[in-house]
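Colleague: Mind having a look at this structure? Questions to follow.
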Amino acid sequence: MKKLIDPMGRHINYLRVSLIKRCNLRCGYCYGPEMTHRESEDQLSLPDTLRLIKTFASLGITKVRFTGGEPLLRREIVDLVHQTSLLSGISMIGLTTNGLLLEPKLPSLINAGLNRLNISLDTLDRTVFRKVTGVNGFDRVYSAITTAEQSGAFDCIKINTVVMRNINDHEIHRFALWALERKIDLRLIEFMPTRGSGWGQDLFVSEDEIRNQIGLMLEPLPVNNNSPGPARTYTLPGAPGRISFISAISRNFCHKCNRLRLTSDGVLLGCLFLNKGIDLKPVLAGNRGNHEIARVIRHILTAPGLRRMPEETSILRANPFMRMVGG
Ligand code: SAM
């Protein structure tokens, strides 16, 4: 089995694929400016996306996550999940969604082979939801979460929650109890300074402060059960749920980075915080073999300035809009 390992010894086995730039929510900290062109003009086709995923799999990628924009706005999503599940070497297929369109699509996604599900939800309060997202959609998302739990198809559904001061930080304790009582992994994410996010120290809440507000005696999940990703996961004895922290600002985790990102227009990114990547479209268009595509993909590991080094601790601001990269 091949392995992708970068010069810092980081083992890359995970590809995040952003399928679309559009989203059906307008979260102020994420969306950025409205799009001015038709997206289909530069979007990778389904066959090209699959061809790339297949090449990544041949290089040692075992996990694929579809994200966006909002990936459920992409009509071919079920087919894409299905075709990916047929690729040799891919054992995990995940989806990161805002959940608004999830409930009716869930049975076909599960049948197609989806086996990991992350739903983004920043609040348990309908009014706050509307304020944050610009859409009156809390009930639909909440209902999708319940249906996903009841489906039994996922080991533990993950809820992504970005914590922001004076927006949802007052809910942290209640949110944690809610997750711990259910079989949910609540991932409390430090607000990151992505482009157009309005990030500022006044909105930022650190992991230490979040932990204080939770105020429970959480215990770290044993290391061998913990994923190699950025989240550090905790349990409360006797409770079915879990609490995870993703703290890019207060606890740099670049040394653990196991992932690459593909944007919906075919740019391969080596780091969420760098906006320079490698455009794979010319290689796809040039009728070149998969061998050549693999060579270009491998180049991202060694080319200077395309993957952030573990020792770089400064907070970077020059990065793509989160909507383009997908988190
Ligand atoms: N539309 C999908 C969703 O809502 O899950 C996928 C795309 S969204 C960009 C992926 C994740 O990025 C979401 O959980 C969102 O909350 C998170 N995110 C966006 N901007 C962020 C920021 N500035 N800091 C931290 N997380 C952010």
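The values are calculated or read from the model by the stated rules, or taken from the named source; none is laboratory data. None of the values given here were measured: they were computed from a predicted structure. So basically every Cβ, Gly included, is an ideal-geometry build from the backbone, and we count neighbours across all protein chains shown.
Colleague: What are the residue pairs meeting all of these: first residue in the range 21-33, first residue touching a residue at least 12 places away in the same chain (Cβ under 8 Å), second residue among the charged types (D, E, K, R) and not in a loop (DSSP other than H, G, I, E, B), Cβ atoms under 7 Å, and 6 or more apart or on different chains?
Modeller: Correct list of pairs: LYS21/GLU39; LYS21/ARG323; ARG22/GLU39; CYS23/ARG323; CYS30/ARG323; TYR31/ARG323; GLY32/ARG323.
Colleague: Another question about this same structure. Among the strands (runs of 3 or more DSSP E) lying completely within the range 192-273, list those that include at least 2 residues that are within 14 Å of the ligand (Cβ to nearest atom) and surrounded by 16 or more Cβ atoms within 10 Å (Cβ to Cβ).
Modeller: It comes to 242-246, 259-262.
Colleague: Taking the condition of being of a type in the set (A, V, I, L, M) and touching a Leu at 6+ places or on another chain (Cβ under 7 Å), how many residues in the range 247-266 meet it?
Modeller: Number satisfying all stated conditions: 2.
Colleague: A further question on this structure: Somewhere in the range 114-126, is a residue within 16 Å of LYS21 (Cβ to Cβ), crowded, with 21+ Cβ neighbours inside 10 Å and out of contact with any Cys (no Cβ under 7 Å at 6 or more places or on another chain)?
Modeller: Within the range 114-126 (the criterion being within 16 Å of LYS21 (Cβ to Cβ), crowded, with 21+ Cβ neighbours inside 10 Å and out of contact with any Cys (no Cβ under 7 Å at 6 or more places or on another chain)), the answer is no, since none of the residues qualifies.
Colleague: Can you find even one residue in the range 142-160 that is more than 16 Å from the ligand (Cβ to nearest atom), modelled with pLDDT under 95 and either of a type in the set (Gly, Ala, Ser) or within 18 Å of the chain's Cα centre (by Cα) (or both)?
Modeller: yes
Colleague: Let me ask something else about it. Which residues, counting only those in the range 179-191, are within 16 Å of the ligand (Cβ to nearest atom) and of a type in the set (Asp, Glu)?
Modeller: Across the range 179-191, the qualifying residues are ASP185, GLU190.
Colleague: Restricting the first residue to the range 87-112 and requiring it to be more than 14 Å from the ligand (Cβ to nearest atom), which pairs with a second residue that is among the basic types (Lys, Arg) and part of a helix (DSSP H, G or I) meet a Cβ separation below 8 Å and a spacing of at least six or different chains?
Modeller: From residues that are more than 14 Å from the ligand (Cβ to nearest atom), the pairs are LEU87/LYS54; GLU103/ARG140.
Colleague: So SER244 clears everything in (1) modelled with pLDDT of 90 or more; (2) among the small types (Gly, Ala, Ser); (3) farther than 22 Å from LEU180 by Cβ except one condition, right? Which one?
Modeller: (3)
Colleague: Only one of (1) within 21 Å of the chain's Cα centre (by Cα); (2) of a type outside the set (Asp, Glu); (3) more than 30 Å from GLN213 (Cβ to Cβ) is not met by LEU117, so which one is it?
Modeller: Going through the list (1) within 21 Å of the chain's Cα centre (by Cα); (2) of a type outside the set (Asp, Glu); (3) more than 30 Å from GLN213 (Cβ to Cβ), LEU117 breaks only (3).
Colleague: As an exercise: evaluate VAL17 against (1) out of contact with any helix residue (DSSP H, G or I) (no Cβ under 6 Å at 6 or more places or on another chain); (2) more than 21 Å from ASN290 (Cβ to Cβ); (3) within 16 Å of the ligand (Cβ to nearest atom); (4) hydrophobic (A, V, I, L, M, F, W, C) and give the number of the one condition it does not meet.
Modeller: For VAL17, the failing item is (2).
Colleague: Also, quick follow-up: How many residues does the range 20-51 hold that are of a type in the set (Lys, Arg), more than 16 Å from the ligand (Cβ to nearest atom) and either touching a Ser or Thr at 6+ places or on another chain (Cβ under 6 Å) or within 15 Å of VAL81 (Cα to Cα) (or both)?
Modeller: Total meeting the criteria: 1.
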